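J.: One structure, as structure tokens, below. Some questions next.
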């Protein structure tokens, strides 16, 4: 979610969070796709070089936008899942009971794959960009929506 | 007790007062709290945890409660205002008066889909989008999606939902094929436009910001949900013995670790249960 009027605060916070995540990953060895692929919050090159290699699930140009998905180590059970980006900004997918996915851009349709969800989001975005700070539904109550393997 | 009216029956003065109250909530920052709440509580049914607002039986009582909160904020600004409803089976074209410049304003323009007319056009200076899933600061719409045309739900589709005597059915999520709730919420399957029914289909028909997590940024959200709530109310009168399902025993988590809300369980963020939202007759009625 984006709160306009204080962009510097949020950008700074994102950088701080990213940097602290770097030091955590140095211990855990977890993949840090978020940082590797997000130019504005990218760590210094020397730190990025220490990160384990990410696995590209898809990376393509679609309607002039870069759509990319990388495997990501899950926070809970160590399960891997795909982190999806459009032009380097995170598209936070939600998993549906029918096996598909929703994106914050299109909340009223389940798409069968992560790539299909990302392409549909690009089509809906038109000339707009995703908000810099990813949207998190379920953030203030029980549960949330961690992506499952 | 107050009355919620069909938006097409509002007088010019009533339209002006409603728009004025909404703009005042926006000016105070209250409006954007409602946008944020809707984003925060959107949990999908393949994710872990309790899902209160969508893809489950508490979709209707959660939005009834959400609407009451909004309406009460509006009535603090102007006690004569209530949330009108948009019967999209009747006012079903971009030419309908709901989209006129003195009310919800018009369609988005070609290209960036920016709404350029009416009180909620960014160019008018009163409607800056501040809590959103994208970085645009203006309201967008793409009524009827000419590039992938879709119509608003028909009377027949709504009647199909209303004729189901059961409130909901297992597995209490977007894949429930029986029950009034999902037939009204509108999760379908397949690849045709039958995927979007009733409530979901209207979000898609308006498109732009109405399609995403920040759908509350389009003030037509409230008129849409007022009508959805009125349909629920009508269904209750038609099926007087029906009760909210699942019952007071909290349903077990499904295979995904996702769980529906039972009849007497609290719904965040208010703590009110679905059963406490069942009867609205002491608070408002629909005209």
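J.: I'd like to know if the range B:196-213 contains one or more residues that are without any contact (Cβ under 8 Å) to a residue 24 or more places away in the chain, within 8 Å of chain A (Cβ to nearest Cβ), over 12 Å from the mean Cα position of the chain (by Cα) and surrounded by fewer than 23 Cβ atoms within 10 Å (Cβ to Cβ).
T.: Kept after step one, since they are without any contact (Cβ under 8 Å) to a residue 24 or more places away in the chain, are these residues of the range B:196-213: B:200, B:203, B:211.
Right, trim to within 8 Å of chain A (Cβ to nearest Cβ) and you get B:200, B:203, B:211.
Those left that are additionally over 12 Å from the mean Cα position of the chain (by Cα): none.
No, every residue in the range B:196-213 fails to be without any contact (Cβ under 8 Å) to a residue 24 or more places away in the chain, within 8 Å of chain A (Cβ to nearest Cβ), over 12 Å from the mean Cα position of the chain (by Cα) and surrounded by fewer than 23 Cβ atoms within 10 Å (Cβ to Cβ).
J.: Another question, then. Tell me the strands (runs of 3 or more DSSP E) entirely within the range A:83-131 that contain at least 2 residues that are at the interface with chain B (Cβ under 10 Å from one of its Cβ atoms) and closer than 16 Å to residue A:61 by Cα. It would help to see each step written out before you state the result.
T.: On the way: elements: A:89-91, A:101-103, A:106-111.
So the answer is A:89-91.
J.: Tell me which residues, restricted to the range B:124-143, are assigned to a loop (DSSP other than H, G, I, E, B) and touching a helix residue (DSSP H, G or I) at 6+ places or on another chain (Cβ under 8 Å). Even if it seems obvious, please write down each step before you answer.
T.: We begin by selecting, within the range B:124-143, every residue assigned to a loop (DSSP other than H, G, I, E, B); these are B:125-130, B:133, B:135-139, B:141-143.
Scanning the range B:124-143 gives B:126, B:127, B:128, B:129, B:130, B:133, B:137, B:138, B:139, B:141, B:142, B:143.
J.: Still on this structure: Of everything in the range B:144-153, what is within 11 Å of chain A (Cβ to nearest Cβ) and not in a loop (DSSP other than H, G, I, E, B)? Give them in sequence order.
T.: Listed by number, the residues that qualify are B:147, B:148.
J.: Picking from B:156, B:161, which residue would you name as being part of a helix (DSSP H, G or I) and under 28 Å from residue A:94 (Cα atoms)? Working first, answer last.
T.: Values: B:156 fails: under 28 Å from residue A:94 (Cα atoms).
The match here is B:161.
J.: Quick test of your reading of the structure: residue B:229 fulfils all but one of (1) exposed (fewer than 15 other Cβ atoms within 10 Å of the Cβ); (2) under 20 Å from the mean Cα position of the chain (by Cα). Name the failing condition by number.
T.: Residue B:229 satisfies all of (1) exposed (fewer than 15 other Cβ atoms within 10 Å of the Cβ); (2) under 20 Å from the mean Cα position of the chain (by Cα) except (1).
Read-outs: derived from the displayed coordinates by stated rules, not from any lab. No experiment lies behind these values; they were computed from the predicted model shown. Counting neighbours? That spans all protein chains shown, and the Cβs are built from the backbone with ideal geometry, glycine included.
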